[in-house]
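The next block holds one structure in the form of structure tokens; read it before the comments.
Each reported figure results from applying straightforward, stated rules to the coordinates on display, with no laboratory input. A quick note: this is a predicted structure, and the numbers were derived from the prediction, not measured. Reconstructed Cβ throughout: ideal geometry from the backbone, glycine too, with neighbour counts over all protein chains shown.
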Amino acid sequence: MTESSGVVHDIDANDVVELRFELRQPDWQDAFRGRAQVPQGVKARLLGLLGPLILVAAVLILTGNGLAAGATFCGMLLGLPLRRGVVAARQARAGAPLGPWTATVADSGEGIRFAGTDMEVRRGWGSLGGYVETAAGFVLLNPAPHRMVVLYLPKRALSPAGIDRLREMLDRRLHRYGRSAVRH
């Protein structure tokens, strides 16, 4: 499949899927939403609460006002979705000069090659911990305990048949987290 801008491409040669695309802010937001679908252990949840709890305790100690501490905690909770958008915008700005990107996903032991204009990264299947499929893309993650976003592959860079081939390849090689696949 090709598109006039040259950012959409997929091939099937010896179980290889190739994507050419540019990562945008909505892609990063989708990647972070997909990452949020992955279950976390108790230790990771407690560590995630440690910073906010220390801040609330500091506000309570310094002000002696429980209402101020409660307002601080509520403000942090309300700010979490905003933070995801701010981080996504930062990632998109940082990656823009490095793109457009080409991702080559091979069903063989080679794994995934991700290349921009001035860089190239290769990840073997064993270095990945799983993936999440969202309505707009595939989010590849590090292994536990961190499960951070390694790579985002937007579906817009593939034909419907390419999406199915990539999903089948990822299912053979990686654990799928989150809801069942989003079919188009």
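Maximal additional length on extending the ARG123-ARG172 stretch stands at 16.0 nm, based on 0.36 nm per residue less the C-alpha distance.
The packing ranking of peptides 61-74, 154-167, highest mean first, is 154-167, 61-74, where packing means the average number of other beta carbon atoms within 10 angstrom of each residue.
3J(HN,Hα) along the range 53-66, derived from phi through the Karplus expression 6.51 cos²θ - 1.76 cosθ + 1.60 where θ = phi - 60°, amounts to 5, 5, 5, 5, 5, 5, 4, 5, 5, 6, 9, x, 10, x Hz, with x in place of Gly and Pro. Close amide H contacts of LEU151 (hydrogens built in the peptide plane, cut-off under 5 Å, sequence separation of 5 or more or a different chain): LEU140.
Each residue of the range 171-177 is assigned a 3J(HN,Hα), and the resulting list reads 5, 5, 9, 10, 7, 9, 9 Hz, derived from the Karplus form 6.51 cos²θ - 1.76 cosθ + 1.60 (θ = phi - 60°), x at Gly and Pro.
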